[in-house]
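**Student:** Just dropping this structure here.
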There are 4 protein chains.
Amino acid sequence: MRAQQMIATHPHVRGSTNDALIRCLEECYSCAQTCISCADACLGEQMVQQLTQCIRLNLDCADVCAATGSIATRRTGSNEEIIRQMLKVCEMACRLCGEECERHAGMHEHCRVCAESCRRCERACAEAIRSMAA
Amino acid sequence: MRAQQMIATHPHVRGSTNDALIRCLEECYSCAQTCISCADACLGEQMVQQLTQCIRLNLDCADVCAATGSIATRRTGSNEEIIRQMLKVCEMACRLCGEECERHAGMHEHCRVCAESCRRCERACAEAIRSMAA
Amino acid sequence: MRAQQMIATHPHVRGSTNDALIRCLEECYSCAQTCISCADACLGEQMVQQLTQCIRLNLDCADVCAATGSIATRRTGSNEEIIRQMLKVCEMACRLCGEECERHAGMHEHCRVCAESCRRCERACAEAIRSMAA
Amino acid sequence: MRAQQMIATHPHVRGSTNDALIRCLEECYSCAQTCISCADACLGEQMVQQLTQCIRLNLDCADVCAATGSIATRRTGSNEEIIRQMLKVCEMACRLCGEECERHAGMHEHCRVCAESCRRCERACAEAIRSMAA
């Protein structure tokens, strides 16, 4: 990802970037991909019927992460309250999805990796929220 | 849209649909399209420089609406808290985008129509939130 | 959807709309919603293991339709070749997903409705492609 | 991104991954972010009116890349023809957007970085297409 490099050259930003927010949006894109991948891998398991709640949370989390990544990328004009609220929903979606994936982590390696990805994104959202409050 | 027809046949729903939520997700898809269209029409205006905040809010609102529409569509397992929080962000994104579009409604017909679409989606989100509290 | 009303007021369009393309992009948004809903309803079925290919095609078709709907909405500048190629992929994705859903239509009403939605979107793409060749 | 790690643990893949396709889908996610960022940075420039075609191609390219990244992530069942066709549209969208960004690269650093990102994604798509033909 070139998010740092891109946002630093935005005409309204001029080098003074919010690094916590940039790390967060990169985690959002990464977590969206991981969640789509985990939903798909769960769907391929023989025991798919025991993984339907996991797939549901994966798909919802992917949608939230993708939207948050796009919105947190923009710097023209301002829409801070929406960014802040989306980061909160994203933090929660990642927490819930991460908790569910952790339940299957011993059985399915893709759930273990996805839980890690969700937890990283959850923390990155929390740090981005703090950085915007300051 | 066939959202009502589709969700009514979901194996966990079996005919007992939340109509306020279904109306809301249809408004979300419609508002996502309208906001992408308004951003694009603003971009085509000679006075685009006075419409950059409007384009920003349009694009953010489209992302929020699209994610909310997808998430509110799902009924397998449960993820109610995420739906509820997304509806709140969507209500706010539509309100802010609607207010900005209203400022340009006298000058640009696409902003007038988009403001209407945002206001309808804002109200539909509010009603869906109430229906889920009950 | 207000696609016709929005696009007719675009400063570069000024009333002279391509109605086949507008009908098509509305079907794309509708089909994206239907496919997400069908994937979710299939996931809720007891026999989900026999529906995994259907869910896969539903999710891919939803992604293609959503992207096609957004791209076909824009009128500023030009990107005709991309619109044309996306319409072709969308036509194919809808055909493949519609064929798969038809296999389960006797058993699952959501697959029957989704097959119809895919077939309508497939035809709308074909007509939009013809309208752009002219 | 953990795409390699995730896809290697998919039950139908079992370690035998198509590395060109995985590199490609990672470039797709990265290019989607870069294009959204470039559209937004162009919108913030004083000379935005000279960048409207660039913004248009950025937004279309972001939509194509995001859809291609999701579709290329899935391995359950099969949908190879759709992946192949989407890779071709994505290669073309990246080429057209890269060419347009290159025109502004001397003036705007964000266009220079975005052009690079598009060119990398274009090449990754070409290599993924070759890998799937084999």
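No value in this document is a laboratory result; all are computed from the given coordinates. Note that the structure is a prediction, hence the values are computed from the model and not measured. Here the Cβ is made from the backbone with ideal geometry for all residues, glycine too, and neighbour counts use every protein chain on show.
**Student:** Report the charge-dipole magnitude of the stretch D:65-134 in Debye, nearest 20, computed about the Cα centre from +1 at each Lys and Arg Cβ and -1 at each Asp and Glu Cβ.
**Tutor:** Here the size comes out at about 200 debye.
**Student:** For the stretch C:2-132, state what percent of all Cα-Cα pairs lands in each successive 10 Å bin, counting from 0 Å until the bin that includes the largest distance.
**Tutor:** With 10 Å bins starting at 0, P(r) equals 15, 43, 26, 13, 4, 0.
**Student:** Further question: Partner chain Cβ atoms within 10 Å, averaged over the residues of A:53-63 - can you pull that number for me?
**Tutor:** On the way: counts 5, 1, 8, 10, 5, 0, 11, 10, 3, 5, 12.
That average works out to 6.
**Student:** Which whole number gives the average, over all residues in D:87-94, of C-beta atoms from other chains lying within 10 Å of the residue C-beta? All intermediate terms of the calculation are to be shown ahead of the outcome.
**Tutor:** On the way: counts 0, 3, 12, 3, 0, 4, 7, 0.
Across D:87-94, the average partner-chain Cβ count within 10 Å equals 4.
**Student:** Select the chain A residue whose beta carbon lies nearest to the rotation axis carrying chain A onto chain D, and write the distance in whole Å.
**Tutor:** Output: A:29, 3.
**Student:** Can you tell me the alpha carbon radius of gyration of the stretch D:35-76 divided by the globular rule-of-thumb value 2.2 N^0.38 Å?
**Tutor:** Values: Rg = 13.4 Å, N = 42, 2.2 N^0.38 = 9.1 Å.
Normalised Cα radius of gyration, the stretch D:35-76: 1.47.
**Student:** Using the alpha-carbon centroid of each, what span in Å lies between the stretch D:72-103 and the stretch C:32-69?
**Tutor:** About 21 Å separates the Cα centre of the stretch D:72-103 from the one of the stretch C:32-69.
**Student:** Quantify how strongly other chains surround peptide A:106-116 by giving the mean number of their Cβ atoms within 10 Å of each of its Cβ atoms. Please report the intermediate quantities before stating the final value.
**Tutor:** Working: counts 0, 0, 2, 6, 9, 1, 2, 5, 4, 0, 2.
That average works out to 3.
**Student:** With only Lys, Arg, Asp and Glu charged, each at its Cβ (+1 for the first two, -1 for the last two), find how big the charge dipole of the stretch C:1-103 is about the Cα centre; round to the nearest 20 debye. Walk me through the numbers on the way to the answer.
**Tutor:** Details: 10 positive and 13 negative charges, 94 e Å.
Roughly 440 debye, rounded to the nearest 20.
**Student:** Go through D:89, D:76, D:121 and say which Cα lies farthest out towards the positive end of the charge dipole of the stretch D:66-134; charges sit on Cβ, +1 for Lys and Arg, -1 for Asp and Glu.
**Tutor:** D:76
**Student:** When ranked by the protection proxy of mean other Cβ atoms within 10 Å per residue, highest first, what sequence do the peptides C:86-93, C:126-133 form? Don't jump to the answer; show the numbers that get you there.
**Tutor:** Numbers: C:86-93: 25.2, C:126-133: 16.5.
Descending packing order for the listed peptides: C:86-93, C:126-133.
**Student:** Another one. Sort C:42-49, B:68-75 by the packing proxy (mean of other Cβ within 10 Å over each peptide's residues), most packed first. All intermediate terms of the calculation are to be shown ahead of the outcome.
**Tutor:** On the way: C:42-49: 19.4, B:68-75: 28.4.
Per-residue Cβ counts within 10 Å, averaged per peptide and sorted highest first, yield B:68-75, C:42-49.
**Student:** What percentages make up the Cα-Cα pair-distance distribution of the stretch A:1-43 when the bins are 5 Å wide from 0?
**Tutor:** 6, 21, 22, 15, 12, 9, 8, 5, 2, 0
**Student:** For the protein assembly as shown, max minus min Cα coordinate along each principal axis, in Å, sorted largest first?
**Tutor:** 57, 49, 40
**Student:** How far is residue A:14 from the same spot in each other copy, in nm, shortest first, if each label point sits 7 Å from Cα toward Cβ?
**Tutor:** Result for residue A:14, in nm, nearest copy first: 3.9, 6.0, 6.5.
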